[in-house]
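Since the structure comes first, as structure tokens, the remarks are kept for the end.
What follows is calculated from the coordinates using simple rules that are stated; it is not laboratory data. The shown structure was predicted, so the numbers you read here are calculated from the model rather than taken from an experiment. When we count neighbours, we look across all protein chains shown, and the Cβ atoms used for this are built from the backbone with ideal geometry, even at glycine.
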Amino acid sequence: DCTDVICQNGGTCTDTPSGYSCFCAAGFTGLLCETDYVDYCTLSPCANLGTCVDGAAGFQCLCTPEYVETRCQGNKNR
């Protein structure tokens with residue numbers, strides 16, 4: 001039952017005949033809602049030919065050598 005269960009990331013625990021079930025908030029999945037399943041890279045967040053790498057906590061842009069900043073939007077030669 002839900003007495004000892006902590007659903008993560010805003011999930012809600014509900015008792016079921018076989019034990020419990022976590023109902024996950026939007027963007028999460030897994031037995032305890034522990035997995036982020038949003039693919040942030042589908043939004044093409046990286047500018048200037050940066051490569052997007054999706055991760056559990058968000059995304060990271062791998063910039064070409066001439067660009068910097070979080071989303072490769074700044075030219076480091078300026």
Notebook entry, point to check: Residue-wise, which Karplus ³J(HN,Hα) couplings in Hz belong to the range 72-77, taking 6.51 cos²θ - 1.76 cosθ + 1.60, θ = phi - 60°, and x for glycine or proline?
Noted result: 6, 8, x, 8, 6, 8
Item checked: Sequence of Y67, Y40 once ranked by neighbouring C-beta atoms within 10 Å, starting from the fewest -> Y40, Y67
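Pop the C-beta distance of A25 and L49 into the FRET formula with R0 = 30 Å and round what comes out to the nearest 0.05.
Numbers: r = 34 Å, r/R0 = 1.13.
For R0 = 30 Å, the calculated efficiency reads 0.35.
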Check: Just G55, G19, G27 to compare: in a GNM of the chain, with alpha carbon springs under 10 Å, which one fluctuates most?
Finding: G19
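To the nearest 20 debye, what is the magnitude of the charge dipole of the chain about its Cα centre, counting +1 on the Cβ of each Lys and Arg and -1 on the Cβ of each Asp and Glu? Working shown, then result.
Numbers: 3 positive and 9 negative charges, 115 e Å.
Charge dipole, the chain, about its Cα centre: 560 debye, nearest 20.
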Item checked: Cβ-derived FRET efficiency at R0 22 Å, T35 paired with T64, nearest 0.05 -> 0.10
Note to self: With viscosity set to 1.306 mPa s at 10 °C, what whole-number translational diffusion coefficient in µm²/s follows for the chain from Stokes-Einstein and a Kirkwood radius over Cα pairs?
What the structure shows: 108
Checklist line | Spin-label pair I6/S18, simplified geometry with 7 Å Cα→Cβ offset, distance in nm | finding: 2.6
Notebook entry, point to check: Of Q60, L49, G19, whose Cα points farthest to the positive end of the dipole of the chain (charges on the beta-carbon: +1 Lys, Arg; -1 Asp, Glu; origin at the Cα centre)?
Noted result: L49
